[in-house]
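Peer 1: Next up is a structure, given as structure tokens.
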Amino acid sequence: MIKVRNICKSFGAVRALNDVSFEVRENELFGLIGPDGAGKSTLFHILISLMKPDSGDVALWGLDSVRDYRAIRKIIGYMPGKFSLYEDLTVEENLQFFASVFGVRVEENYRLIEDVYRHIAPFGKRPAGKLSGGMKQKLALSCALIHKPRLLVLDEPTTGVDAVSRKEFWDNLKTVRQAGVTAIVATPYMDEAALCDRIAFINNGHIFSVDTPQNIVKRTTQRIFAVRAANMRTLPALCRSLPGVMAAYSFGDAVHLAMNRHDAEAGEIRQQLICLACEKVEVKTVAPIIEDCFIITVKNQK
Amino acid sequence: MTALKGFIIKESKHILRDWKTLVILFVIPVALVLIIGYVVSIDVKDTVIGVYDKARDSESARLTARIASSGYFKPVKVITHDAEIAPAFRSGSIRMVVVIGERFGSRMLQNEGAVVQIIADASEANTAQLLSIYCEGVIQSFAAGEDVVVKPPVEVEVRMFFNPSLNGVYMSIPGIMALVLIIITAMMTSLSITREKELGSMEILLASPLTPFQIIIGKVTPYLALATINAVTVVLLGYFVFRVPMTGSWELLFLINFVYIFLSLALGILISSLAPTQMVAMFASLFGLLLPTMLLSGFIFPLENMPWWLQALSRILPPRYYVEAVKAVMIQGSTLEVVWQRLIVMVAFGLIYMAAAVKKFKIRLD
């Protein structure tokens, strides 16, 4: 059980975290969703006792992250955003080293990492620096898990990893969760949010909407339209000029339009865009997904 | 396996895998000893000199012959006028002029006090001093060999103890050892710790149960072994190649080296606790350690000739004590009773550095 209460942290004039509070439940896969520079890494550093907050406190199963840092460092597994294992050591040697650091033998907890590690086990004698991005992340996860931590903290584990490896990685996380490990994952990828039990949006050092992904989507009252037209490049700007538009942003091959008005209709928007000299206009109502919710939430805040 | 043992194994693997650096670590000390040993040696041998013989008698000719046959000097120029001396020095064709006074032979025979003047090119002060001492020695022995000469009332007899031929390498070897050991140990450890900071792995180490003490000892141990090998290499080179005598006990020499290596490692850790990047650590070790070790350990420039504030500075730098202790043991054959004070000073320095390093070691990122 993790309780984060009113955390503030500044670096000089920059406010990295602003009154951040949330809770993570036992054995939960918790997602921290937000863009680069939102404050995810700083929050993690405070969470795992690597930084002191300016104010507020963090309790991990009752352990204070400043006072009880020694105890905390025994029960967490941490995987930084940057690949930080030893590239000149082999896969096996890296794993062996981290096992020794935590005073465990690799065999003891091998079952926990088996699902992850068996993908890289055939390359056991290869230097970690010669692994692909996806394999590096799997090795880093294995090393972070080898002492069976109570809390696993992963900072953007899938950044720079191909789509297939990303999926495998998330499958691995589910297995880890089933083994009873609580995990907090930071990611800038909105589609990964749906894979978490609960998520929190983070932007500019503020936390919003801590809930299950389903509830967050359900709670969204705005109507979302997908718009396509011949002039895709100028379309977001044109859309923003329409009355009642809360946000317009490129989304795949369309522009998503979040309308404040609950009675907004696709036909009406289409007519308005044609008046603005758009050609081949197509407007469809779509169900909101996490990314829409994030943008709406951030917009609401402003 | 304990965390510390695992850390030492991991650290040793880093060192062994980086074979290019490893080669440099073994080649540099050897190269330094050979280069400095051969080049810095300031032995007097076949130095080109001029002779200004004002007497032109048989005795002055004998003296000239004696100087020429000493092996130290090679008279290449005959000077006939005072005004020729300065230009000859300027052109660099000679380093010293022996001026034999008028009526040299007859004054000598009649006990009137024959005069020989030595004029040295003091633009290189140390060399000039050394040359004049050597020349004086040759002339004294020439005068002593003449039965007719009444001995002077006070006879100064100079004997160079422990290093009778004033062999420069005897000075250089302990100095090079001081230099090589402090650079390899302090610079390499500080680099290896700052590398982990740059790489980001320090973040994981900090977030683990490893204590600063474990990290530091884990880092230090492999370099301790490496530096010991280096110390042995340098001593053996000095002993076998440059014939530096080993009059004291090997155990004591080893102990001195061990203490010095420990001290250097502690210094390296301290540097890395303060330096955020490898670049900073490197410059700090080079300017903070290399230069003071070279200049203020008494290895190239004699400490006695320095202004008081530089002498004071040299007292708070550990290499000085090491060089003194090594010289005492190797050349003078001193025992522990003589060098224990210097050992204590070095141990104290080491402990202070180590304590400061453990204290300064950041257990968090900010």
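The values are calculated or read from the model by the stated rules, or taken from the named source; none is laboratory data. Keep in mind it's a predicted model, so treat the numbers as computed, not measured. Using ideal geometry, Cβ is built from the backbone for each residue, glycine included, and neighbour counts are taken over all protein chains shown.
Peer 1: Tell me, which residue of the range A:154-212 that is in contact with a helix residue (DSSP H, G or I) (Cβ under 7 Å, 6 or more places away or on another chain) and acidic (D, E) is surrounded by the fewest Cβ atoms within 10 Å (Cβ to Cβ)?
Peer 2: A:D162
Peer 1: May I pose another question? Could you please let me know if A:H262 is in contact (Cβ under 8 Å) with a residue 40 or more places away in the chain and in the same structural domain as A:A16 (by TED's automatic domain parsing)?
Peer 2: no
Peer 1: Could you give me the residue pairs with C-beta distances under 9 Å whose first residue belongs to the range A:96-120 and is assigned by TED's automatic domain parsing to the domain that holds A:K74, whose second residue is among the polar types (S, T, N, Q) and part of a loop (DSSP other than H, G, I, E, B) wherever it lies, and which are 6+ apart or on separate chains?
Peer 2: As it stands, the answer is A:F98/B:S208; A:A99/A:N109; A:S100/B:T2; A:V101/B:S208; A:F102/B:S208; A:G103/B:T2, since those pairs meet every condition given.
Peer 1: Can you name the residue in the range A:129-145 that is among the hydrophobic types (A, V, I, L, M, F, W, C) and within 11 Å of chain B (Cβ to nearest Cβ) and, of all such residues, is surrounded by the most Cβ atoms within 10 Å (Cβ to Cβ)?
Peer 2: Checking each candidate, the answer is A:C143.
Peer 1: Same structure, new question: Filter the range A:48-81 down to residues that are of a type in the set (A, V, I, L, M, F, W, C), at negative phi and more than 10 Å from chain B (Cβ to nearest Cβ), then give me how many there are.
Peer 2: So the count comes out to 4.
Peer 1: Inside the range A:106-126, can you point out the residues that are part of a loop (DSSP other than H, G, I, E, B) and either under 24 Å from A:T187 (Cα atoms) or within 8 Å of chain B (Cβ to nearest Cβ) (or both)?
Peer 2: Correct list: A:H119, A:I120.
Peer 1: If I filter the range B:200-212 for residues that are farther than 18 Å from B:T277 by Cβ, in a helix (DSSP H, G or I) and touching a Phe, Trp or Tyr at 6+ places or on another chain (Cβ under 9 Å), do I get at least one hit?
Peer 2: Looking through the range B:200-212, at least one residue is farther than 18 Å from B:T277 by Cβ, in a helix (DSSP H, G or I) and touching a Phe, Trp or Tyr at 6+ places or on another chain (Cβ under 9 Å).
Peer 1: Only one of (1) touching a residue at least 24 places away in the same chain (Cβ under 8 Å); (2) more than 21 Å from the chain's Cα centre (by Cα) fails for A:I289. Which number is that?
Peer 2: If we test A:I289 against (1) touching a residue at least 24 places away in the same chain (Cβ under 8 Å); (2) more than 21 Å from the chain's Cα centre (by Cα), just (2) comes out false.
Peer 1: Quickly run through the range B:275-312 and pick out the residues that are out of contact with any Asp or Glu (no Cβ under 7 Å at 6 or more places or on another chain), touching a residue at least 60 places away in the same chain (Cβ under 8 Å), surrounded by fewer than 17 Cβ atoms within 10 Å (Cβ to Cβ) and more than 21 Å from B:V323 (Cβ to Cβ).
Peer 2: B:P276, B:V280, B:M282
Peer 1: Turning to a different aspect of this structure: Hand me the list of strands (runs of 3 or more DSSP E) wholly inside the range A:1-90 holding 1 or more residues that are touching a residue at least 12 places away in the same chain (Cβ under 8 Å) and of a type in the set (K, R).
Peer 2: A:2-11, A:14-24
Peer 1: Considering only the range B:232-335, give the helices (runs of 4 or more DSSP H) lying wholly within it that have at least 1 residues that are closer than 18 Å to B:I184 by Cα and charged (D, E, K, R).
Peer 2: Once the helices (runs of 4 or more DSSP H) in the range B:232-335 are filtered for at least 1 residues that are closer than 18 Å to B:I184 by Cα and charged (D, E, K, R), what remains is B:319-330.
Peer 1: Being of a type in the set (G, A, S) and over 15 Å from A:V106 (Cβ atoms) is the filter here; which residues of the range A:120-152 pass it?
Peer 2: Within the range A:120-152, A:A128, A:G129, A:S132, A:G133, A:G134, A:A140 qualify.
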